Amino acid sequence: MARYTGPSTKIARKFGEPIFGPDKNYERKNYPPGQHGIAKKRRKVSEYCVQLKEKQKVKYSYGVLEKQFRNLYETASRMKGRKGENLILLLESRLDNIVFRMGIAPSRAAARQLVTHRHITLNGELCNIPSAQVKPGDIVAVRERSKSLEVIQNSISRGAARYSWIEWDAPTLTGKYLNVPIRSEVPETINEQLIVELYSKL
């Protein structure tokens, strides 16, 4: 599966926030990229542009391509409750995101790589599918032979935010997905209603 591998700071500047995590380069240039970057801040944008930009921001944040994102939206539309909230919670339940939330990897991109390289197990079985949906009660762990990997050890040593919907056991590098979080618990600054409005026009 293809994925974005371009400059992350440029994308973060495009959306006006460090969506890939702490970024010193973004802090130095926190305005849109390009020759007229600072001037772009003052330019009026259309409603459609605002909606599209929000969708693109979420796609880049979670490392999801357009077709995957559309499929997730359609799945969210068939679920009970609000479409936008369902979409965010489906994104949060992806295996690569859970690995990132547990602090096993420093970013979602790194978490995706750990999963595809078969360093992560799901309920005791190797799983190399980053988009696999983790369900409440599932156990996510680092493969025994991968526990000494430098990227994993460095990430864990830095410490990560702990979330109420994830139970983490540091000695065994194992985590349990306790429950699907409610929307207010997800820390990302996302206006999912803009995405719903965008797709309602297509």
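Given R0 = 35 Å, the distance between the Cβ atoms of Asn179 and Leu52 translates into a calculated FRET efficiency of 0.60. Checked against a 27 Å cut-off, the cross-linked pairs Lys135/Lys201; Lys80/Lys135; Lys59/Lys147; Lys67/Lys147; Lys55/Lys135; Lys57/Lys83 give Cα-Cα distances beyond that limit for Lys135/Lys201; Lys59/Lys147; Lys67/Lys147. I want the local charge near Thr174. Using Cβ-Cβ distances under 12 Å, sum +1 for each Lys or Arg and -1 for each Asp or Glu among the other residues. Result for the local shell: -1. With contacts taken as Cα pairs under 8 Å and at least 6 residues apart, region 83-135 reaches a relative contact order of 36 percent. Label region 94-179 by shape, choosing from rounded, prolate and oblate, from the square roots a ≥ b ≥ c of the eigenvalues of the Cα gyration tensor; if a/c is under 1.5 it is rounded, and otherwise prolate applies when a/b is larger than b/c, oblate when it is not. Rounded, because the longest to shortest axis ratio a/c is under 1.5. The packing ranking, built from the mean of other Cβ atoms within 10 Å per residue, places the peptides 54-60, 95-101 in the order 95-101, 54-60, highest first.
Laboratory data are not the source of any read-out in this text; all were calculated from the coordinates shown. All figures in this text were calculated on a predicted structure; none of them were measured in a lab. When we count neighbours, we look across all protein chains shown, and the Cβ atoms used for this are built from the backbone with ideal geometry, even at glycine.
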